[in-house]
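Engineer: Before we start, here is the structure in question, set down as structure tokens.
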Amino acid sequence: MKEHKKKILIIVVGILLIIGIGIGVSYAWWTHTISQEGINTIQSTCLEIALEDENSITLEKAYPITDEEAEKLPPYTFTITNKCPTMIEYDVNLDIMESSSRLSSSYVAIEFNGNEKKLLSTLESVETSYPGVDYVPVEGRYITSGELGANESKTYTIKLWMDESVTVEDDAMNKSFISKVVVTAKQSHKVRLVDYVINKNEAEEFKHEATEQTPALTDYRYTGKNPNNWVYFGCDTNCTDDNLYRIIGVIPTQSEIGKDKPYENRVKLIHYYEYVGDAADMFPIMYGSTPSNKAYRWNSENNNNWEESTTQKNILNNKFYNNLGEYKNYIATSVWYLGALDYTKWDNNIYTPNMLYKEERGAMHSQNNGALSFSANIGLMYASDVAYIMGNQVVDKNPIVNAFSNNWLYVYRNAEWGISPYLNTNQSAGQFGGIYFHYTDASNIFSHIASLSAPFSIRPTFYLKSNVLYENGDGSQENPYRISNNE
């Protein structure tokens, strides 16, 4: 009986297995496979850096030297260049190679970028990353790290020598020290505002010839009637119209005065609405109307040197700037060019955008013989800033007629001060000499030379530090760019 039941169980299991196999085969018979006709493509972004160097360190028959003697050693100089349009982060390490008689890093002094010397062994230990096969790295020391925007470069110097603390009792005789600077880079998740503006390709490129104060430069400016160049500045969440600014463009500028001083691309902002500060500093407006019906004098003194202007000293670079709080850290101290403009050319209506740009950066002094350039945090807009908004098609044409029919800088029909002084006129010295934009007369926006004491509106203008980051927003007035500090 038991044997009979056992046979039945085996038969049932077998039938179930046959059914299972049949289902599997049937399933296979009815399976239909198709594939897409196109291909899936993932295109990686650019990540490429270049390393240029000079003065490789060669110390033969080295012996301990003093720090004073080390100052005379030629440094190893290397430059890292980001060759891509996106921001990168990089680390610089010194990999120490194996040798039959390696000199201990505790005996080697290092001076990086002219800073105070340290013993190499005191630097942070890191994993080696030298990829070559000619040497085997056995020790890694961290030197520095940083970020580079699109096509930016940074140069460093290193000195290595046997430290003066080494004595004959130390195990330093007949040793060798072999090392290589290793730079590793990765794409950054951060996006600098200056790179975002350029890469978005909504700003128009302008190429400028060298002037008496500047070399040939290229900038990127927002043109037309209403581009997406709105930015919130000076607020985190509860932003108001007073926090609305617009990007004039990405403009190469300097921190130090001098044609040979380095330039870097910086985003230039202008306060969109008139600035209204303390009522005690303002006077009844001369032309048109504004929400406050009050405005500022270019200078309360009879002097048309911008560096002496009361608006520059007391309002823009004092009260306005200091009221920004932590947002002062976003602003770069920059050079403002103060080449004087010629009133007779306004009078004869012959200025073109390129002429304005050249003379603003020229060698003609103001009526009161002011400086040709001035370093400060806050300024006002140039006449060329207004003129270039009409685009490359008018750079060598007279821009005055109907200049504000398609110009986003137009805000309201009154008048406002610009930064540029004038040359000598037939007026008494010091009484006249500041440029202003006369919006009430559409045929001639720079229509008159004005008394310095005439009350006109002002709109603070400044350059952001190049490392200010883009966070979000599409640049429209409804969704302005949001930015953050990268310090």
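The values are calculated or read from the model by the stated rules, or taken from the named source; none is laboratory data. These numbers come from a predicted model, not from an experiment. When we count neighbours, we look across all protein chains shown, and the Cβ atoms used for this are built from the backbone with ideal geometry, even at glycine. Accessible surface is based on the protein model in full, side chains and every heavy atom, while ligands, DNA and RNA are left aside. Shrake-Rupley method; radii C 1.70, N 1.55, O 1.52, S 1.80 Å.
Engineer: Take peptides 93-106, 458-471 and line them up by average Cβ neighbours within 10 Å, highest first, as a rough protection proxy. Don't skip to the answer; put the middle values down first.
Structural biologist: Working: 93-106: 17.5, 458-471: 21.6.
Per-residue Cβ counts within 10 Å, averaged per peptide and sorted highest first, yield 458-471, 93-106.
Engineer: In Å, the Kirkwood hydrodynamic radius of the stretch 117-185 over pairs of distinct alpha carbons?
Structural biologist: 15.0
Engineer: About the Cα centre, and with charges only on the beta carbon of Lys, Arg (+1) and Asp, Glu (-1), how big is the dipole of the stretch 88-166? Nearest 20 debye, please.
Structural biologist: 240
Engineer: Find the accessible area per residue for the stretch 260-367; the probe is 1.4 Å, ligands and nucleic acids are left out, and the unit is Å². Display every interim value, and only then the final one.
Structural biologist: Numbers: 4550 Å² over 108 residues.
For the stretch 260-367, the per-residue accessible area is 42 Å².
Engineer: Sticking with this one: Going highest first, how would you order 300-307, 183-190 by mean Cβ packing within 10 Å?
Structural biologist: Highest to lowest by the protection proxy: 300-307, 183-190.
Engineer: Please give the net charge around ASN299, taking every other residue with its beta carbon less than 11 angstrom from that of ASN299, where Lys and Arg add +1 and Asp and Glu add -1.
Structural biologist: The answer is -1.
Engineer: Okay, moving on. Pull out the extension gain between THR237 and ASP260, defined as 0.36 nm times the separation in residues minus the alpha carbon to alpha carbon distance; nm, one decimal.
Structural biologist: On the way: separation 23, 0.36 × 23 = 8.28 nm, distance 4.14 nm.
Taking THR237 through ASP260 to full extension adds about 4.1 nm, to one decimal.
Engineer: Measuring from centroid to centroid over Cα atoms, what is the spacing of the stretch 174-224 and the stretch 127-147 in Å?
Structural biologist: Distance between centres, Cα-based: 26 Å.
Engineer: Okay, next question. How many nm separate the modelled label positions at GLU164 and TYR327, each set 7 Å beyond the Cα in the direction of the Cβ?
Structural biologist: 5.2
Engineer: To continue, here is another question. Of LYS180/LYS465; LYS117/LYS186; LYS225/LYS358, which ones are farther than 27 Å apart at the Cα?
Structural biologist: Check vs 27 Å cut-off fails for LYS180/LYS465; LYS117/LYS186.
Engineer: Hey, if we sort TYR135, TYR351, TYR76 by accessible area with the 1.4 Å probe, largest down, what's the order?
Structural biologist: Result of the area sort, largest leading: TYR135, TYR76, TYR351.
Engineer: Follow-up. Under 5 Å between amide hydrogens, which residues at least 5 positions from GLU152 or on another chain qualify, with H placed 1.01 Å from N in the peptide plane?
Structural biologist: HN-HN under 5 Å from GLU152: ASN82.
Engineer: Where only protein heavy atoms count, and the probe is 1.4 Å, what is the accessible area per residue for the stretch 132-182 in Å²?
Structural biologist: Values: 2720 Å² over 51 residues.
In whole numbers, the stretch 132-182 has 53 Å² accessible per residue.
Engineer: Hey, another quick one. Using 7 Å Cα-to-Cβ label points, what is the ASN485/PHE283 separation (nm, one decimal)?
Structural biologist: Taking the two extended label points, one gets 3.6 nm.
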